[in-house]
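Input: a single structure, listed below in structure tokens.
The values are calculated or read from the model by the stated rules, or taken from the named source; none is laboratory data. In this text, all values refer to a predicted model and were calculated from it rather than measured experimentally. Methodologically, a virtual Cβ is constructed for each residue, glycine included, from the backbone with ideal geometry; neighbour enumeration extends over all protein chains shown.
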Amino acid sequence: MGATGIGRRDIIGTFFAKVEEYSTTGWGDLVARTFNSDQASEIYKWLGMPPAMREWRGGRQAKGIREDGVTIVNKTWEATLGLPVDWIRRDKTGQINIRISELAQQAVNFKAELLSLFIDNGGGSTYGLCYDGQYFFDTDHSTGNSGTQTNHLVASDAASLNVGTATAPTTAELNAAIGSVIQHMFGFKDDNGKPMNANAKSFLVMLPTNMLNAGVNAVASPIVYSSAGSYPNALTVAETAIGFNVRAVVNPLLTDTDAFVVFRTDAPASALIFQEEEGITISAIAEGSEHEFKNNEHLYGAKRICNAGYGYWQYACKATLS
């Protein structure tokens, strides 16, 4: 472009600067482990616990990796922005940079959007089954010597999930419910029958938007107020006493307004898998192109090759209020 307009280099530079800025925020890395991919699909056979320690009698007893596994197929995603040439030439108020920044934000946020689809649909088979052949959020997980376990709790599993209004729980109600879910997660066993979350100290509570105020206060307020009086928040007391870290995030992409999900965030693996073959890129059809000549327009297209899948269900627990 001429001196009065911005060109391809300026626009692409702005795009990548914003990608870097926006990539430092968000909850995606807390609930999903990222794996780089170099082919059309990847098979994850490491899901399932390593062998338990045993007294050495005779020779070693090796435990191999699983014969089956979770397969994640990469998909190509794109978003293309059309910018009229005359608009670029006339722009003096930074509107082009705003649009490019929004395109970068959409490309970065797509990770959370994709993971949210798997979280939101974890109770069905639409987005695939987890490594034990069950729905991700299910009532009858069982592998090896684990026994039957549930990571989709309802009031019959924990009395604290029975609240006054399921879509509008109070701070005190959510505080009790979150505590019950975390307590339940400490009981999860691996396929050796060993506690899966014995050393857990960091959790993330993912809430729908209608639980924002009550949920944040339930996790962060030092004092919880209820109709029966006030009392110290056990979650914040645990943070001080034994190093617990419980934080809350709101996810507007969740569709259930009567449920929340708790994730363990300090394990070597994660509840979800984010697989990336190609990170965020941008391509342009701009100055001097045939498209510009024919359409008086420049095109800027963001691209990402990635997908998501289910990791360890034991690191996530959904609670439905009633």
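Points worth noting:
- Of all residues making up the stretch 8-49, the number that are exposed (fewer than 12 other Cβ atoms within 10 Å of the Cβ), of a type outside the set (S, T, Y) and either more than 30 Å from A284 (Cα to Cα) or modelled with pLDDT under 90 (or both): 1
- Given (1) part of a strand (DSSP E or B); (2) under 19 Å from the mean Cα position of the chain (by Cα); (3) surrounded by fewer than 18 Cβ atoms within 10 Å (Cβ to Cβ); (4) of a type in the set (S, T, N, Q), index of the condition Q275 fails: (3)
Yes/no matrix, rows are residues, columns are (1) in contact with a Gly (Cβ under 8 Å, 6 or more places away or on another chain); (2) surrounded by fewer than 17 Cβ atoms within 10 Å (Cβ to Cβ); (3) not in a loop (DSSP other than H, G, I, E, B):
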| residue | (1), (2), (3) |
| --- | --- |
| T93 | no, yes, no |
| I100 | no, no, yes |
| L103 | no, no, yes |
| Q106 | no, yes, yes |
| L114 | no, no, yes |
| L117 | no, yes, yes |
| L129 | no, yes, no |
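- If you go through the stretch 245-272 and keep only what is in a loop (DSSP other than H, G, I, E, B), of a type outside the set (A, V, I, L, M) and under 21 Å from L114 (Cβ atoms), you end up with N251, P252, T255, D256, T265, S270.
- Contact map, the stretch 263-275: first residue free of Cβ contacts under 8 Å to residues at least 24 places away in the same chain, second residue part of a strand (DSSP E or B), Cβ cut-off under 9 Å, separation 6 or more or different chains; pairs are P268/R33.
- Filtering the stretch 278-322 to residues that are within 30 Å of L129 (Cβ to Cβ), surrounded by fewer than 17 Cβ atoms within 10 Å (Cβ to Cβ) and touching a strand residue (DSSP E or B) at 6+ places or on another chain (Cβ under 6 Å) leaves E278, K303.
- The helices (runs of 4 or more DSSP H) located wholly in the stretch 132-244 that include 3 or more residues which are of a type outside the set (G, A, S) and surrounded by 19 or more Cβ atoms within 10 Å (Cβ to Cβ) occupy 171-185.
- Where a residue in the stretch 145-156 is closer than 19 Å to V261 by Cβ and its partner, wherever it lies, is of a type in the set (G, A, S) and surrounded by fewer than 20 Cβ atoms within 10 Å (Cβ to Cβ), with Cβ under 8 Å and at least six apart: Q149/S142; Q149/G187; H152/G123; L153/S180; V154/S322; A155/S322
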